[in-house]
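Just so it is clear, none of the values below were taken in a lab; they were calculated from the coordinates. Just so we're clear, the structure is a prediction, and the values are computed from it rather than from any experiment. Reconstructed Cβ throughout: ideal geometry from the backbone, glycine too, with neighbour counts over all protein chains shown.
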Amino acid sequence: MALDEGRRAHLAARFEQDADGMPLVRIIDRDRGETVAVLTPEELRVLAEQTGLPSGLLFQGRS
């Protein structure tokens, strides 16, 4: 997310679960080490649609 022309991403998205086991996506500003948003995957999908971004660009899976 928020790539700066070949340099590392300034924002990181981390998949988490709330106390009920529901999925959440925490958006973290890597430069400041602060959480800037906590969204459900559905909220993130809606935001992507509103901005015109394809939803597939929002996540990169790593294991």
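With Cβ to Cβ distances under 15 Å as the rule, what net charge do the other residues near Pro23 carry (K, R +1; D, E -1)?
Overall, the nearby charge balance is -2.
What nm value, rounded to one decimal, do you get for the distance between Arg45 and Glu16 when each label is placed 7 Å out toward the C-beta?
Rounded to a tenth, the inter-label distance reads 2.2 nm.
Determine by what factor the alpha-carbon radius of gyration of region 11-53 differs from 2.2 N^0.38 Å, reporting the quotient.
1.22
Quick one: which of 43-51, 23-31 comes out on top by average Cβ neighbours within 10 Å, and what's the full order, highest first?
Going by the mean number of other Cβ atoms within 10 Å, highest first, we get 23-31, 43-51.
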